[in-house]
1. List the aspartates and glutamates whose alpha-carbon lies under 13 Å from that of A:LYS13, not counting same-chain residues fewer than 8 positions away?
2. Taking every residue in B:89-98, how many Cβ atoms of other protein chains lie within 10 Å of its Cβ, on average?
3. So what are the ³J(HN,Hα) numbers for the range A:7-19, from phi and the Karplus equation (6.51, -1.76, 1.60; θ = phi - 60°), rounded to whole Hz, Gly and Pro as x?
4. Using just the alpha carbons, could you tell me how many Å³ per residue the convex hull of chain B encloses?
5. Rounded to a whole number, what % of the accessible area of the range A:17-56 do carbon and sulfur atoms account for, probe 1.4 Å?
6. Got a sec to turn the phi values of the range B:89-99 into Karplus ³J(HN,Hα) couplings, 6.51 cos²θ - 1.76 cosθ + 1.60 with θ = phi - 60°, whole Hz, x for Gly and Pro?
7. Give me the percent relative contact order of chain B, please, defined on Cα pairs under 8 angstrom at least 6 residues apart.
8. Just need the relative contact order of chain A here, percent rounded to a whole number, with Cα pairs under 8 Å and 6+ apart.
Amino acid sequence: KAGVTQTPRYLIKTRGQQVTLSCSPISGHRSVSWYQQTPGQGLQFLFEYFSETQRNKGNFPGRFSGRQFSNSRSEMNVSTLELGDSALYLCASSFGTGIIEQFFGPGTRLTVL
Amino acid sequence: SQELEQSPQSLIVQEGKNLTINCTSSKTLYGLYWYKQKYGEGLIFLMMLQKGGEEKSHEKITAKLDEKKQQSSLHITASQPSHAGIYLCGADGSNTGKLIFGQGTTLQVKP
């Protein structure tokens, strides 16, 4: 069974631009969560989607948004990029919600210049 | 808010030695996850623990969750260079699937 895939793997943008990242969960998984990882803050939860509905949201500004499609694929969007948005963005998929095994993708490395 | 503290922050061991990494929570855990990460890459799922006193093993790695569900340990027996990486504990403190993570423990294994 294929794992979680994320595209693109690397991205370079300039301040003020916007970016869209994509995550395809493991086949049959309906929940997708997004995390941001930086050297200073570590891994931080962004949001979780289940059956196209956002179930949980972390403490990030409204510039960070996401959505999930009927095939469970998810996208996250960051508008008006700031230098501090440079990070590794990871998505995790699970079959359902709650206390359940979550499997991560390889991540998208975003660099904002 | 819940916090997870890992210790030690970094570890250098000789190949073949045993080692333990600890993860302590400020609150009771609903679920405790252990992941391994190579620098700049995704997280590899190792184990998930739910019940107080639970212990799980996979190959040479054993993880335990204490009875009070506030502390977990990850033990590696006879370490190998392939065990090198960053070990992260993650916890669900609200039974929602939203995970918070410790700061990670960097493990180096010297051949």
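The values are calculated or read from the model by the stated rules, or taken from the named source; none is laboratory data. Note that the structure is a prediction, hence the values are computed from the model and not measured. With ideal geometry, Cβ positions are generated from the backbone for all residues, glycine too; neighbour counts draw on all protein chains shown. In case anyone asks, the SASA skips ligands and DNA or RNA and just uses the protein heavy atoms, side chains included. Shrake-Rupley method; radii C 1.70, N 1.55, O 1.52, S 1.80 Å.
1. Here the aspartates and glutamates satisfying the reach criterion relative to A:LYS13 are A:GLU82, A:ASP85.
2. For peptide B:89-98, the averaged partner shielding equals 5.
3. 9, x, 7, 9, 8, 10, 10, 10, 3, x, 6, 10, 9
4. On the way: hull volume 9.9 nm³, N = 111.
Dividing the Cα hull volume of chain B by its residues yields 89 Å³.
5. In the range A:17-56, the share of accessible area belonging to carbon and sulfur is 38 percent.
6. Once rounded to whole Hz, the list reads 9, x, 9, 10, x, 10, 6, 10, x, 7, 9.
7. Averaging sequence separation for qualifying contacts and normalising by length gives 37 percent for chain B.
8. Answer for chain A is 36 percent.
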